[in-house]
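*Asks:* Sharing a structure, written as structure tokens. Questions coming.
The values are calculated or read from the model by the stated rules, or taken from the named source; none is laboratory data. In this text, all values refer to a predicted model and were calculated from it rather than measured experimentally. In this analysis, Cβ positions are derived from the backbone assuming ideal geometry, glycine residues included, and neighbour counts consider all displayed protein chains. Note: areas computed on protein heavy atoms with side chains; ligands, DNA, RNA excluded. Shrake-Rupley method; radii C 1.70, N 1.55, O 1.52, S 1.80 Å.
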Amino acid sequence: MEYTIQTSVTGEFDDVVDTTIAALKDEGFGVLCDIDIQATLKEKLDEEFRQYRILGACNPPLAYEGLTEEIELGALLPCNVIVYETDNGEVMVSAVDPQQLVGIAGNDALDSIATEVNESFERVLSAVTDELGSNSEA
């Protein structure tokens, strides 16, 4: 089962992260948390790992609407967007597919919200690709 939407882009890793955060902001999403997996694994386990960031994105009006319909939805929030280096040195930007995510809840009232978030994430990926260029559409 596919549970993300993604694109491979050109550019320096930190520039891709910054561009992704800016594109999320343009779509009304704030980044509530920014987890640097590479640094965390180095600090906690003394293990080397590729550059990998998890951006916890939230659009407050949509979160409010979703939580109003399904109080347990908070267990699935925020929506994660990841930026990571592949084994080939490319940089991937990947977002959770909210339509798959809310399908877990089995609440049809969330469908329109999931569609709206999905469309926003598609625009985010397009904006990042337009800004930085694409290695290939994944």
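*Asks:* Which is the longest part of the chain that has none of the GluC sites (Glu not before Pro) sitting in a DSSP loop with at most 12 other Cβ atoms within 10 Å?
*Replies:* With a cap of 12 other Cβ atoms within 10 Å, the longest stretch comes to 49-136.
*Asks:* A further question follows. Per residue, how many Å² of accessible area does region 51-129 show with a 1.4 Å probe?
*Replies:* Per-residue value: 47 Å².
*Asks:* Not counting ligands, DNA or RNA, and with a 1.4 Å probe, what is C58's accessible surface area in Å² rounded to the nearest 10?
*Replies:* 30 Å²
*Asks:* In nm, give the distance between the simple-model label positions of A22 and E48, each being 7 Å from the Cα along the Cα-to-Cβ direction.
*Replies:* Distance between the two pseudo-spin positions: 3.2 nm.
*Asks:* Take D15, D97 and sort them by solvent-accessible surface of the protein heavy atoms, 1.4 Å probe, largest at the top.
*Replies:* D15, D97
*Asks:* Still on this structure, I have one more. Could you work out which residue, out of V117, V93, V102, moves most in a Gaussian network model of the chain, that is, has the largest mean-square fluctuation with Cα springs under 10 Å?
*Replies:* V102
*Asks:* What are the ³J(HN,Hα) couplings of region 106-116, residue after residue, when phi is run through the Karplus curve with 6.51, -1.76, 1.60 and θ = phi - 60°? Round to Hz, x for glycine and proline.
*Replies:* With the stated coefficients, region 106-116 comes to x, 10, 4, 5, 8, 4, 5, 5, 4, 5, 5 Hz.
*Asks:* Within the accessible area of region 19-63, what % is carbon and sulfur when the probe is 1.4 Å and the other protein chains stay in place?
*Replies:* It is 56 percent, rounded to a whole number.
*Asks:* In region 1-99, which trypsin sites (Lys or Arg not before Pro) are in a loop and have at most 16 other Cβ atoms within 10 Å, using DSSP for the loop call?
*Replies:* When the trypsin sites (Lys or Arg not before Pro) of region 1-99 are filtered for loop state and at most 16 Cβ neighbours within 10 Å, R50 remain.
*Asks:* Quick one, can you get me the convex hull of the C-alpha atoms of region 29-131 expressed as volume per residue in Å³?
*Replies:* Measuring per residue, one finds 115 Å³ for the Cα hull of region 29-131.
*Asks:* I113: accessible area at probe 1.4 Å, nearest 10 Å²?
*Replies:* 10 Å²
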